[in-house]
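Each remark here refers to the structure printed beneath this line.
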Amino acid sequence: MNDDLYKRGVTKAAGIPVLPKTLLHAVEAFDADPISRAAFGDSYKDIYLSHKLREWERTFLPGDRRATSRTTHVHLTVRCSRG
């Protein structure tokens, strides 16, 4: 059956969640979902979250904030790896 439940307005009554509207909302939902860690494991989940957050930053942050964010990320990574 090809039916648009959103147009019919039955999603809330049926308990059907609405999909996240942006990549950032999807990443936040993935991070908050305990099933994601159980399904993907700690390492893969953390790598995936890091990759998607960087993708969001590159795509949606203005240029000056992007540069600041990237510099901060690199600084923190280097600092953490040195102890």
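Bear in mind these aren't lab numbers, they're just calculated from the coordinates by the rules spelled out. All of these numbers come straight from a predicted model, not from anything done at the bench. With ideal geometry, Cβ positions are generated from the backbone for all residues, glycine too; neighbour counts draw on all protein chains shown.
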Query raised in the report: Among all the lysines, which ones have a C-alpha under 28 Å from Lys7's C-alpha, if same-chain residues fewer than 8 places away are not counted?
Result: Lys21
**Report entry** Karplus 3J(HN,Hα) series, Hz, for the range 19-24 with 6.51 cos²θ - 1.76 cosθ + 1.60 (x for Gly, Pro)
**Finding:** 5, x, 7, 9, 4, 4
Query raised in the report: Using a basic spin-label model with each label point 7 Å from the Cα along Cα→Cβ, how many nm lie between Arg37 and Leu61?
Result: 2.5 nm
Report summary line: Residue span Lys52 to Lys21: 0.36 nm per residue of separation minus Cα-Cα distance leaves a gain in nm of 9.7 nm
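How charged is the neighbourhood of Lys45? Take every other residue with its Cβ under 9 Å from the Cβ of Lys45, and add Lys/Arg as +1 and Asp/Glu as -1.
On the way: positive: Arg37; negative: Asp31, Asp42, Asp46.
Spelling it out: positives minus negatives among the neighbours equals -2.
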